Amino acid sequence: MSDATAVVVCRFDDLEPDSAKRVDLDGRRLAVVRLGDDVYVIGDRCSHADYSLAEGEVDPADKTLECWKHGSTFSLETGEPTCLPAIKPVPAYDVSVVDGDVRVVLP
């Protein structure tokens, strides 16, 4: 986690296992994904066409989130696209769980 201040995006218990939830925070659309006890946060706008990634399928084995519209998948760890048609990454954020709160560092 960087030295920047982390902000609470939701409660860990509000996240369904192996699924994504959209959270709007400070003018940003975030896809918050829970895989077991781990949480990942990436930008919620597909870089190919402005669709919500949080509406797509989570692949726990590959740690990816698929855009429901055109099938691009994005790494939950880096935000990099792992298949076409997307070629640009989405933001990936530092995230932690503290006392049940999911906290993310926004640049």
(message) Suppose we keep only residues that are closer than 20 Å to Val39 by Cβ and among the polar types (S, T, N, Q) within the range 59-94. Which one would you say is surrounded by the fewest Cβ atoms within 10 Å (Cβ to Cβ)?
(response) Thr78
(request) Look at the range 47-70 and say how many of its residues are outside any strand (DSSP E or B), touching a residue at least 12 places away in the same chain (Cβ under 8 Å) and either of a type in the set (D, E, K, R) or under 20 Å from Val95 (Cα atoms) (or both). (result) 7
(request) Evaluate the range 3-19: report whether one residue or more is surrounded by fewer than 16 Cβ atoms within 10 Å (Cβ to Cβ), closer than 19 Å to Thr73 by Cα and touching a His at 6+ places or on another chain (Cβ under 9 Å). (result) no
(request) Search the range 43-58 for residues being over 11 Å from Lys21 (Cβ atoms) and hydroxyl-bearing (Ser, Thr, Tyr), and hand back the single one that is surrounded by the fewest Cβ atoms within 10 Å (Cβ to Cβ). (result) Tyr51
(request) Under 9 Å between Cβ atoms, at least 6 apart or on separate chains: pull out the pairs that start in the range 95-107 with a residue that is touching a residue at least 12 places away in the same chain (Cβ under 8 Å) and under 18 Å from Leu35 (Cα atoms) and end on any residue that is surrounded by 15 or more Cβ atoms within 10 Å (Cβ to Cβ) and not hydrophobic (A, V, I, L, M, F, W, C). (result) Val95/Tyr40; Val95/Arg103; Ser96/Arg103; Val97/Arg103; Val102/Arg34; Val104/Tyr93
(request) Any residue in the range 4-20 that's aromatic (Phe, Trp, Tyr) and at pLDDT 95 or above: show its pairings with residues that are exposed (fewer than 13 other Cβ atoms within 10 Å of the Cβ) and not in a strand (DSSP E or B) at Cβ separation under 8 Å, as long as the two are six or more apart or on different chains. (result) Phe12/Gly100
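Rundown of residues vs (1) touching a Pro at 6+ places or on another chain (Cβ under 9 Å); (2) closer than 15 Å to Arg103 by Cα, yes/no style:
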position: Asp18; (1), (2): yes, no
position: Gly36; (1), (2): yes, no
position: Val39; (1), (2): no, yes
position: Ser47; (1), (2): yes, no
position: Asp50; (1), (2): no, no
position: Lys63; (1), (2): no, no
position: Thr73; (1), (2): yes, no
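The values are calculated or read from the model by the stated rules, or taken from the named source; none is laboratory data. Model, not experiment: these values are computed from the prediction. Cβ sites come from the backbone with ideal geometry, for glycine too, and all protein chains shown count toward neighbours.
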